[in-house]
Structure formats: C-alpha cells, structure tokens
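Before I ask anything, here is the structure I am working with.
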Amino acid sequence: MGWLFSYSWRSSEDVLEYFKTMLEQSGYTVHREGHWVFAEGRGTIDLVYVKTASGGRNGWGYKDISVTCGPYVYNAPLWMVKKVHLAFKDNQYYQGWLSHYRQKAAVLKSFTGPQRPELAVYD
C-alpha cells in the first residue's frame, strides 16, 4: 500500500476527516481519536493508524496502517485496542504490535507527578 495525496487537503486534519467520512459513507461505524481510527461494519472490524504528511505543492496525503500490519506507533486508545483484540488475537503482526504497546504503556506508567502521561496496560 502506498500514499494517497490530494491538492484539496490543506492540513492533516483535512486528511483525517476525509478518511473517517470515506469509511462512514462505505457503511462503517467509525470512531476517531487523533490519528487512530476504529471502524466496524460490513462483517469486519479494524483499528488503523492514519499517518499524514505534507506533500508541499501536492497538498496533504496519508497512508493507513492496520494494527494487523504492525505500525510503529503505540499510543492507540485502550478502548479501541480492547474492541479489536479478540478479532486479531491470532495475528502474528498484531501480537508483535500489542507486545510493544504493552511495553510502552508500562514505561509510561512508571512516570510520576503531574507530567505523567495516561495510558493503561492492556492484558
């Protein structure tokens, strides 16, 4: 899978809203938090990280990466991970991603004080 760019997208937010709307118009129930998109419908479920980039004169673009492909981003909302866990529990790439997700969560939990990020460890 490659990147998709458009002159009509002027910001990362434009791209993310396009991606969400595209899925909704295709019949999916979609929830978005930041760059993470949870989609469910038409007999399928997925958790996708939408990486955006500026193409300069070519507008903005995106590359969508499912957790079953093991994106190198581990800050997905916990509730989204829980929703897809049973569907993907036997997928080796998801298991690898989940292992890193848990490690990152454990590190974040070790922070103390007012600057401590909030991220739970999913078991």
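Each value in this text was obtained by applying a stated rule to the coordinates, not by laboratory testing. Just so it is clear, the structure is predicted and the values come from calculations on it, not from any experiment. Counting neighbours? That spans all protein chains shown, and the Cβs are built from the backbone with ideal geometry, glycine included.
Taking into account only those residues within the range 58-69 that are farther than 22 Å from Ala39 by Cα and surrounded by 14 or more Cβ atoms within 10 Å (Cβ to Cβ), which is farthest from the chain's Cα centre (by Cα)?
Restricting to residues being farther than 22 Å from Ala39 by Cα and surrounded by 14 or more Cβ atoms within 10 Å (Cβ to Cβ), the top hit is Gly59.
What strands (runs of 3 or more DSSP E) completely inside the range 7-89 contain at least 1 residues that are free of Cβ contacts under 8 Å to residues at least 60 places away in the same chain, in contact with a Gly (Cβ under 9 Å, 6 or more places away or on another chain) and among the small types (Gly, Ala, Ser)?
Output list reads 36-41, 44-54, 60-66.
Next question. Surrounded by 12 or more Cβ atoms within 10 Å (Cβ to Cβ) and basic (Lys, Arg) - does that describe any residue in the range 84-101?
No, the range 84-101 contains no residue that is surrounded by 12 or more Cβ atoms within 10 Å (Cβ to Cβ) and basic (Lys, Arg).
When the residues of the range 1-57 are filtered to those that are of a type in the set (Val, Ile, Thr) and within 15 Å of Lys83 (Cα to Cα), which remaining residue is surrounded by the fewest Cβ atoms within 10 Å (Cβ to Cβ)?
Thr44
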